[in-house]
Amino acid sequence: MAEGTTSKRVRKSPEKRRAEVLDAAVQLISERGYNGVSIQDVADRVGISKQGVLRYVENKDNMLAMVFNEYYATTGTPEDFFSSGMPGSDSAAPHFPAYLRYLVRHNSRRRMMVQLFTVLSAESLNPGHPLHDEFAERMDSIWNHYSMYPWMVPPQLGSWEA
């Protein structure tokens, strides 16, 4: 910036600014992990003050919860698959292998989310991590959720219950 010039603040709607804050948090956490990111890092990435970030996320733990619940855990669901129109996605008799193919394709398009999940999964092995309980219970929770659907499983794999 030339001497004597100032940068002009850009006013954005609260929704747009909140999305920028969470996008920056996703990027930074997926790169450095939760423990390697500060609220100031997010503020610097967005170009606002630390207090500006805190206005949207309240604190670092809440920011992580928002990132995980609003960004990671909201897409790629069986419901998304059923509405995809892909082969095997009939909700009355969905094919589980087709859903797995859908998930692979879905996740290949959101590499940063896969990276975020991988980093958080590893970090959450520490009992002091804010998502420790979430990840410790994740497999049982996923199994229970998926068990609600009438999946068609190829006979060579056995029954869903087995």
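The values are calculated or read from the model by the stated rules, or taken from the named source; none is laboratory data. Just so it is clear, the model here is predicted, and its values are computed rather than measured. Neighbour counts run over all protein chains shown; Cβ positions are idealised from the backbone, glycine included.
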Scanning for something more than 20 Å from Ser30 (Cα to Cα), touching a Phe, Trp or Tyr at 6+ places or on another chain (Cβ under 7 Å) and not assigned by TED's automatic domain parsing to the domain that holds Asn59, does segment 98-118 turn up at least one residue? yes
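Answer yes if at least one residue in segment 74-95 is among the polar types (S, T, N, Q) and within 25 Å of Ser13 (Cβ to Cβ), and no otherwise. Working first, answer last.
Going residue by residue through segment 74-95, those that are among the polar types (S, T, N, Q) are 74-75, 77, 83-84, 89, 91.
Of the ones still in play, those that are also within 25 Å of Ser13 (Cβ to Cβ) are 74-75.
The answer is yes; a qualifying residue exists.
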